[in-house]
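Participant: Here you go, one structure.
What follows is calculated from the coordinates using simple rules that are stated; it is not laboratory data. This one's a predicted model, so the numbers in the text were calculated from it and none came from an experiment. With ideal geometry, Cβ positions are generated from the backbone for all residues, glycine too; neighbour counts draw on all protein chains shown.
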Amino acid sequence: MTINNYQKRETFLLLSPILLLFFLASCQKQPVLNFGSNYNGDNGSADIVVVDTATVAMSTVRVDSTATAGTGYLQVGEYKDDYFGTVRSRAFLQVTPPSLPKITVFDGYDSIYLVMLFKKGSPFYGDTTSEMTINVNQVNELYQLSDARQQRAFYSNWSFGTDPTPLGSATVKMYPSIPFSSQGFGDTVKIKLNSALGLQLYNMIYNNADTITKSANWLNWFHGLCISAAPTSGPGAIYGFKDSCFMRIYYHEVGTTTSIKTIDFGLANKGFQFNNITTDRTGSPAAGIAGLPPGSSAQTPPATLSTAVGGAGYVQPATGLNVKLTFPYLNGIAHRPDFLSVVRAVLTVRPVGPSFTTTWTLPPQLSPDLTDLNNLIGAPLPSSTTGAAQTGNMVVNYAIPQNTAYTYDVTNFIKAQILNVAVGATDRGLMLTVPSPNNVSSFARAILADGNAPTTQKVTLTIYYLSLYPHN
C-alpha cells in the first residue's frame, strides 16, 4: 500500500541527513525539517519518502555441480518433493587397511559389516516415517581424480562405475531426532557384507599380503565403496551419516576362553569422500529451470525468470539452485526532482505459503551475496549498521505462512546501485543462497514468491529516501 497512490511518507529523527542539509546551506536556503507526525506542505521543508513499489526481478540460477567432497557426511537416500522433483544422493568413499593384528591358526573368521553412524545433529531431509533399504556396492574402476579434465576435487555430478551386485544390503527405519535406528544398535547402522569378501580379507591379513600392507597395492585392488538407497515408493528421505564409517571384520580368538575380536578398515581420505547428487524434476514446477547443456564449456550459469517457473524462485544449493534478485528500474527513483539520497532500504522475501511444512522445512538462513551478469556468488552483503553478515532473521510461522519472511538491510547496496548507470549495471544484484557449511550438507529448500504474488506474500524492496520538495 502507498500514500497518494504511489508513495507514503514517514518522518523520523535522522542525524546524518540533517548534517547533510546543513552542508548544503551554502548554496541554497536551508529548509525547514519536519519530523513530526503532521505533514508540512511548505516547499521549503524536507521529508522522508517511502517507496515500496520498486520492481524486483527474480530468477533461479542453476549450476551444474556443487562441492560435496569432504563435507563430513555421507549423504544417502532418495526423496520425492512436489516442488523440486526426485532428489537422490549416493556416497562414494575409500577404505584403508588396518594395523595388522596377530592372528593365529587357531583363530577363525566370523563376518564382515559396514558400520555407519548417525549422530545427534546430523542432517536429514524428507519424510522419515518410512523404511529405507541401503545398498553397498564395490567401485569397479580406479578411484582417482581425472588428469584429462584437470580435476582437483570431486563434485556432486561425479561418480564411478560400480559392480551391479551389492556387497550387502539392509532395510532400516531411522529416528533421526533421537537418534536411533530400527536395528537396535543406537545411532549405528550395520550392513552385513559378502562373507566371501570378508574371508578373503581375513586370510590376506593372516598372510601379511602385500595387497594389505602396501597402500598403493590396496587401492589398486579395492578401489572403494558406493553407498546408496533403493528407489522409494513413498516420499522418502536423505540422511547424512558421519564420515567416520568403517568396514569391520569380526573374528574369534581362541585361548583359555574364546573372545570376539574386530579388525577395522577406516576411511582412507576424507577429502576423497564425496556425494553424488542427481535430480529428476520431470512433472514438478522446477522442471522448467534451465541448466547448461551436457559438455558445455560455458562459464556463466543460466538464469530462469520466475515467470517461467510458476512465479517463484527456487533455492537449494545442494542441487545447484540459488535465487538471483535484480532491481532494473532503481534509477527512476534517483531521477525524481525531490530525490536527495537513500536513507534506508529493506528487502523482504517470503516463501510460497503451501511449499513449506514441518517435513519440507525451510533453510533457517539465507545469505544475500553480491552477483553480476556472470551469475556467480560473490561476497556477502553485510548490514549497513552492524557490518555483520546477514542471514534473513527468519522465524517460521506454519499457522500464518505469509508471516514467514527473510528480511535484509540492503541500504549500502541500493545507495550504490540507484546511481549506477554503467554497462551491465542492471545485471548487478543479490544472490540468495544457504551459507556454508549447510549449503553442501543440508537439502533444506525454499520456494520464494516473486513480485507478481499477492501483496502479503510477494518480494518487496522498501526504500526510504530524503526528499527536499514534498509531493502533494
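Participant: Less than 14 Å Cβ to Cβ from residue 273, Lys/Arg counted +1 and Asp/Glu -1: what total charge do the surrounding residues give?
Facilitator: +2
Participant: Based on alpha-carbon centroids, what's the gap between segment 85-109 and segment 352-415 in Å, whole number please?
Facilitator: Centre-to-centre (Cα) distance: 42 Å.
Participant: To the nearest 20 debye, what charge dipole does segment 73-272 have about its Cα centre, counting +1 at the Cβ of each Lys and Arg and -1 at the Cβ of each Asp and Glu?
Facilitator: 320 debye
Participant: Further question on the same structure: Based on the Cβ-Cβ distance of residue 258 and residue 359, what FRET efficiency does E = 1/(1 + (r/R0)^6) give at R0 = 45 Å, to the nearest 0.05?
Facilitator: The calculated FRET efficiency here is 0.40.
Participant: Summing Lys, Arg as +1 and Asp, Glu as -1, what charge do residues with Cβ under 15 Å from the Cβ of residue 431 carry, residue 431 excluded?
Facilitator: Neighbourhood net charge equals 0.
Participant: A further question follows. Cα-based Rg (one decimal) and Dmax (whole number) for the chain, in Å?
Facilitator: Rg and Dmax of the chain, Cα atoms, are 29.0, 105 Å.
Participant: Mind checking segment 181-213 for chymotrypsin sites (Phe, Trp or Tyr not before Pro) that DSSP puts in a loop (not H, G, I, E or B) and that have at most 13 other Cβ atoms within 10 Å?
Facilitator: 185
Participant: Rg and Dmax of segment 49-99, using alpha carbons, in Å: what are they?
Facilitator: 20.3, 73
Participant: Out of every Cα pair in segment 121-184, what percent are spaced more than 16 Å from each other?
Facilitator: 64 percent
Participant: I've got another one for you. Using every Cα-Cα pair within segment 211-291, state what percent have a distance larger than 17 Å.
Facilitator: For segment 211-291, the share of Cα pairs beyond 17 Å comes to 69 percent.
Participant: Can you give the Rg and Dmax of segment 379-430 based on its C-alpha atoms, in angstrom?
Facilitator: Reported Rg and Dmax, both Å: 14.4, 45.
Participant: How large is the helix-only mean residue ellipticity at 222 nm for the chain, computed as the sum of -39500 (n - 2.57) over DSSP H runs with n ≥ 4, divided by its residue count, in deg cm²/dmol to the nearest 500?
Facilitator: Computed mean residue ellipticity for the chain: -2500 deg cm²/dmol.
Participant: Report, to one decimal in Å, the Kirkwood hydrodynamic radius for segment 73-272 based on all distinct Cα pairs.
Facilitator: Answer for segment 73-272: a Kirkwood hydrodynamic radius of 18.1 Å.
Participant: Okay, moving on. With no solvent and one equal point scatterer per Cα, compute the Debye intensity ratio I(q)/I(0) for segment 318-401 at 0.17, 0.19, 0.23 Å⁻¹ and report its log10, rounded to two decimals.
Facilitator: Values, matching the q order: -0.97, -1.12, -1.30.
Participant: Seen from all sides and averaged, what is the projected area of the convex hull of the Cα atoms in segment 48-186, in nm²?
Facilitator: Values: hull surface 67.2 nm².
Its average projected convex-hull area is 16.8 nm².
Participant: Here's another thing I want to ask about it. With 10 angstrom as the radius, rank 280, 409 by how many other C-beta atoms surround their C-beta, starting from the fewest. Don't skip to the end; give the middle numbers.
Facilitator: Details: 280 14, 409 21.
Ranked by crowding around the Cβ, least crowded first: 280, 409.
Participant: Could you give me the percent of Cα pairs per 10 Å distance bin for segment 302-357, shortest bin first, beginning at zero and ending with the bin that holds the maximum distance?
Facilitator: With 10 Å bins starting at 0, P(r) equals 16, 39, 25, 18, 3.
Participant: What's the Kirkwood radius of segment 153-304 in Å, using all Cα pairs?
Facilitator: Details: mean 1/r = 0.0510 Å⁻¹.
In segment 153-304 this quantity evaluates to 19.6 Å.
Participant: Enumerate the residues in segment 101-134 having an amide nitrogen under 18 Å from the point lying 7 Å beyond the Cα of residue 208 toward its Cβ.
Facilitator: 101-107, by backbone N distance to the label point.
Participant: Before anything else, pin down the relative contact order of the chain: Cα pairs under 8 Å, at least 6 apart, normalised by residue count, whole percent.
Facilitator: About 25 percent, as a whole number.
Participant: Right, here's the next one. Ranking 335, 252, 223 by Cβ neighbours within 10 Å, fewest first, what do you get?
Facilitator: 335, 252, 223
Participant: Using the crude model of +1 on Lys and Arg Cβ and -1 on Asp and Glu Cβ, and no other charge, please compute the dipole size for the chain relative to its Cα centre, in debye to 20.
Facilitator: Values: 29 positive and 27 negative charges, 58 e Å.
My answer is approximately 280 debye.
Participant: Which values, in whole Å and largest first, are the semi-axes of the equivalent ellipsoid of segment 324-472 obtained as the square root of 5 times each eigenvalue of the Cα gyration tensor?
Facilitator: Numbers: eigenvalues 162, 69, 37 Å².
Here the semi-axes work out to 28, 19, 14 Å.
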